[in-house]
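Here's the structure we're looking at; comments come further down.
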Number of protein chains: 2
Amino acid sequence: MFGSSEKVADGAGDLNEEVIVDRIYQAVIEQRLPPGTKLSESALCKAFNVGRMRIRRSLLLLASRNIVDLQSNRGAYVSSPTSAEAREVFEARRCIEPNVARAAVERATAADIETLEEHLGWESAAHRQGDRQQVIRLSGEFHVKLAEVARNHIMHRMVKELVTRTSLIIGLFGAPGTANCHDDEHADIISALKQRDQDQVAQIMTHHLQHIETQIDLTARRNAGVDLTNVFSDE
Amino acid sequence: MFGSSEKVADGAGDLNEEVIVDRIYQAVIEQRLPPGTKLSESALCKAFNVGRMRIRRSLLLLASRNIVDLQSNRGAYVSSPTSAEAREVFEARRCIEPNVARAAVERATAADIETLEEHLGWESAAHRQGDRQQVIRLSGEFHVKLAEVARNHIMHRMVKELVTRTSLIIGLFGAPGTANCHDDEHADIISALKQRDQDQVAQIMTHHLQHIETQIDLTARRNAGVDLTNVFSDE
DNA sequence: GCAATAAAAATTGTTGACAATCTTTGTTAA
DNA sequence: TTAACAAAGATTGTCAACAATTTTTATTGC
């Protein structure tokens with residue numbers, strides 16, 4: 001329940017940049033790291049129990065994905081997308097994800113579909129139990145997992161970045177308590193996937209993304225800051 | 001004509017990572033840095049006249065875009081895409097660039113079209129003069145400039161990365177002397193752009209990308225290495 | 001009490017030295 | 001001559017100390 005337990009928990013230790021970047025991605029997706037949160041080097045060093053260089057490299061990578069802003073001599077902050085940037089993110093998703101879904105139809109194995117259905121099960125379970133954080137995490141991850149099924153590393157990486165940024169956008173512009181997605185639309189996607197109907201999958205995805213975009217309002221801006229030590233504790 | 005002139009030329013100096021990354025992108029696009037070329041830190045330090053840290057950060061950024069491979073304890077090498085990766089790059093381009101072209105139709109100003117036509121002029125001039133390196137550079141850049149017209153930073157960045165990787169792929173798999181694109185197809189794109197016909201622009205782009213993909217053969221693999229000091233000299 | 005200023009603390013940026021690893025060179029023996 | 005091995009050299013990875021900047025705290029004057 002405290003940051004340093006990171007090291008204690010898996011004493012094997014020495015996480016590489018990829019792991020650190022991924023953990024921060026996760027934290028952003030789950031909205032445990034709201035936009036604007038300062039990511040100080042020393043705090044991250046303690047949280048992940050690694051040297052400062054490792055952290056700096058991780059922050060650079062996150063900045064190159066627009067997940068954090070690196071301000072000269074002032075430190076790293078979780079990115080706060082502007083409304084213009086938000087529009088770009090959604091446009092990019094509308095361009096890419098329907099095609100990702102198409103590719104997923106082409107390449108989905110029975111095991112893939114099973115995995116997605118299992119995921120959907122978790123999603124609706126979290127929804128029923130009112131576990132908001134899990135709902136957020138799982139609904140975002142659905143898109144990433146679908147991109148995995150598409151078996152294109154470039155697009156997978158892209159979707160991961162876009163989903164993460166969407167989480168930030170929803171955190172800033174969405175109505176409080178709004179999740180990323182409605183799981184029933186995810187169910188429709190899986191259903192079309194099983195029927196191997198590329199056009200329909202693409203169409204549902206397009207509509208789904210439009211739906212998400214509808215749920216946000218580009219005016220009000222919440223701010224927030226959290227304690228890093230707690231964010232990265234073992235749950 | 002030699003590396004250290006870099007500093008002498010613009011003594012203002014102190015290039016930041018963005019500039020260094022961009023210059024290496026350029027060099028890769030123009031195939032002055034063939035796949036497999038070792039990018040040793042000391043050589044780059046001399047070439048750009050910056051400290052090692054700056055170079056290491058730049059290499060990390062390039063690695064995160066799959067332009068260079070970072071091998072532990074062995075150094076950085078210009079990426080040598082496998083045939084599988086090549087397929088992923090082309091698939092990604094087919095997914096993204098037709099939509100980029102569509103967006104460009106939506107947002108192109110008269111000035112934008114003029115810029116593109118001017119660029120096309122340079123392209124055909126280079127083609128006529130048989131200046132292969134310029135042909136390569138300009139034909140790749142056309143796609144990047146089109147992405148600029150689309151006014152979406154995410155997609156612009158994406159196209160830049162994909163075009164650069166395509167240069168590597170052509171260098172490895174393409175017939176020797178093959179350029180990136182045929183400029184007449186670029187002319188068709190501009191023409192459709194002027195008519196504001198989104199569907200047609202997308203269709204031409206799709207066909208154009210297929211054409212590029214056709215020109216490569218996924219069997220033979222050339223190797224090469226060059227002298228860094230010459231590559232980054234002022235032309 | 002409040003604003004402005006100055007000192008102190010904390011944080012980030014950079015550099016250089018050292019350790020670890022790989023590569024090359026040279027030597028020896030089969 | 002070739003292969004295996006050892007030493008030397010070069011390159012990359014890491015760390016700790018220092019410099020530069022920002023943020024916080026304390027003080028002074030109004």
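Read the figures in this text as sums done on the coordinates, not as results from a lab. Keep in mind it's a predicted model, so treat the numbers as computed, not measured. When we count neighbours, we look across all protein chains shown, and the Cβ atoms used for this are built from the backbone with ideal geometry, even at glycine.
In region A:35-64, which residues are assigned to a loop (DSSP other than H, G, I, E, B) and either within 14 Å of DNA strand D (Cβ to nearest atom) or surrounded by fewer than 19 Cβ atoms within 10 Å (Cβ to Cβ) (or both)? A:Gly36, A:Thr37, A:Ser40, A:Asn49, A:Val50, A:Gly51 - these are the residues of region A:35-64 that are assigned to a loop (DSSP other than H, G, I, E, B) and either within 14 Å of DNA strand D (Cβ to nearest atom) or surrounded by fewer than 19 Cβ atoms within 10 Å (Cβ to Cβ) (or both).
For region B:111-118, the count of residues that are surrounded by fewer than 24 Cβ atoms within 10 Å (Cβ to Cβ) and in contact with an Asp or Glu (Cβ under 7 Å, 6 or more places away or on another chain) is zero.
The residues in region A:9-34 that are more than 16 Å from DNA strand C (Cβ to nearest atom), closer than 27 Å to A:Leu172 by Cα and in a helix (DSSP H, G or I) can be counted, and the count is 10. B:Tyr77 meets all of the listed conditions (1) away from chain A (no Cβ under 14 Å); (2) away from DNA strand D (no atom under 16 Å from the Cβ); (3) aromatic (Phe, Trp, Tyr); (4) in contact with an Asp or Glu (Cβ under 6 Å, 6 or more places away or on another chain) but one, namely (2).
With the structure loaded, tell me whether A:Ile136 is surrounded by 20 or more Cβ atoms within 10 Å (Cβ to Cβ) and more than 28 Å from B:Asn99 (Cα to Cα) or whether it fails that test.
On the way: surrounded by 20 or more Cβ atoms within 10 Å (Cβ to Cβ): yes; more than 28 Å from B:Asn99 (Cα to Cα): yes.
Spelling it out, A:Ile136 is indeed surrounded by 20 or more Cβ atoms within 10 Å (Cβ to Cβ) and more than 28 Å from B:Asn99 (Cα to Cα).
Which of the residues spanning region A:36-47 are within 9 Å of DNA strand C (Cβ to nearest atom) and either at the interface with chain B (Cβ under 10 Å from one of its Cβ atoms) or farther than 13 Å from A:Asp14 by Cα (or both)? A:Lys38, A:Leu39, A:Ser40, A:Glu41, A:Ser42, A:Ala43, A:Leu44, listed by residue number. The residues of region B:48-66 that are more than 12 Å from chain A (Cβ to nearest Cβ) and either touching a residue at least 40 places away in the same chain (Cβ under 8 Å) or not hydrophobic (A, V, I, L, M, F, W, C) (or both), listed by number, are B:Phe48, B:Asn49, B:Gly51, B:Arg52.
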